[in-house]
Every structure is written in structure tokens, then in C-alpha cells.
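Below is one structure, written out as C-alpha cells; comments come after it.
The values are calculated or read from the model by the stated rules, or taken from the named source; none is laboratory data. Please read these numbers as outputs of a predicted model, since none were measured by experiment. Because the Cβ atoms are built from the backbone with ideal geometry, glycine has one as well, and the counts that use them run over all protein chains shown. For the accessible areas, the whole protein counts, side chains as well, though only heavy atoms, and no ligand, DNA or RNA atoms are used. Shrake-Rupley method; radii C 1.70, N 1.55, O 1.52, S 1.80 Å.
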Amino acid sequence: QVQLVESGGGLVQPGGSLRLSCAASGSIFSINSMDWYRQAPGKQRELVASATSGGSTRYADSVQGRFTISRDDAKNTVYLQMNSLKPEDTAVYFCEIIVRTTMASPLYQYWGQGTQVTVSS
């Protein structure tokens, strides 16, 4: 079993910054990708940023240039640095990882519990 613990959400004024963290623990052999999603009220969950084990990253168009995803594989932790925040960034943010629990296992998907980010004056 794999557990994800998120932290770093909160209330911030427009133009401000927040840094989200997500630490994974448990039966992890390797991590394929570490991603951040968000879900605003009444909307579908959407991919915000993704970081693969090969070092590539990709971002939603709406956050490109403002958000930065990074991962520390030694700590099994993924971060999301969010700058120049806008009210439309308000949502619950979820981390998600794709892992192998053994060398020969299939890929498994795990989700964090979510952390609220509110951008408001």
C-alpha cells in the first residue's frame, strides 16, 4: 500500500504564491510519474502539471509560466510552486502518482487527500 500526504494549501491574495508538497510512502519500488490535478466547484478534475521519471514536465496552458512542478526522488516527494496566483486557480489540489511496487508489478495509481487553495482578496 502507498500513502500520499499533501501540505501547503491555504488562502492567498491574487498575485501571491504558494508551494504545495506531496510525500509518498509505503511499498514503492519506482515512481513513473508524479502529477498535480485540481478540481474547482462544479468542474471536472483537470491535470495541472506532470513530472515523469525521465525528467520531462508538462503543464496545463492555464498555468504555463506561473507554476513549476519538481520532484525529489530521494524523498519520494513532488512539489508545486505556484506564483502569480489568480482567483481562477481556486480549487482543491490533488497529487497523483503512478508507481511500481516491485520490479515486476504493474503500474498502480494513487491519490492524495487533496488540499484547498483559495485565491481571494
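Tabulated data
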item	result
Candidates Ala104, Ala40, Ala23, ranked by Gaussian network fluctuation over the chain, Cα under 10 Å, top entry	Ala104
Gaussian network model of the chain, springs between alpha carbon atoms under 10 Å - residue of Ala60, Ala91, Ala51 with greatest fluctuation	Ala60
Mean accessible surface per residue for the chain, computed with a 1.4 Å probe while every protein chain stays in place, in Å²	52 Å²
Most mobile listed residue (Ser30, Ser70, Ser50) in the chain, GNM with C-alpha springs under 10 Å	Ser30
Net charge of neighbours whose Cβ lies under 9 Å from the Cβ of Cys95, counting Lys and Arg as +1 and Asp and Glu as -1	-3
Protein accessible area in the chain, 1.4 Å probe - carbon and sulfur %	48 percent
Cα gyration tensor of segment 14-54 - equivalent ellipsoid semi-axes, whole Å, descending	24, 14, 11
Per residue Cα convex hull volume in Å³ - calculated over the chain	96 Å³
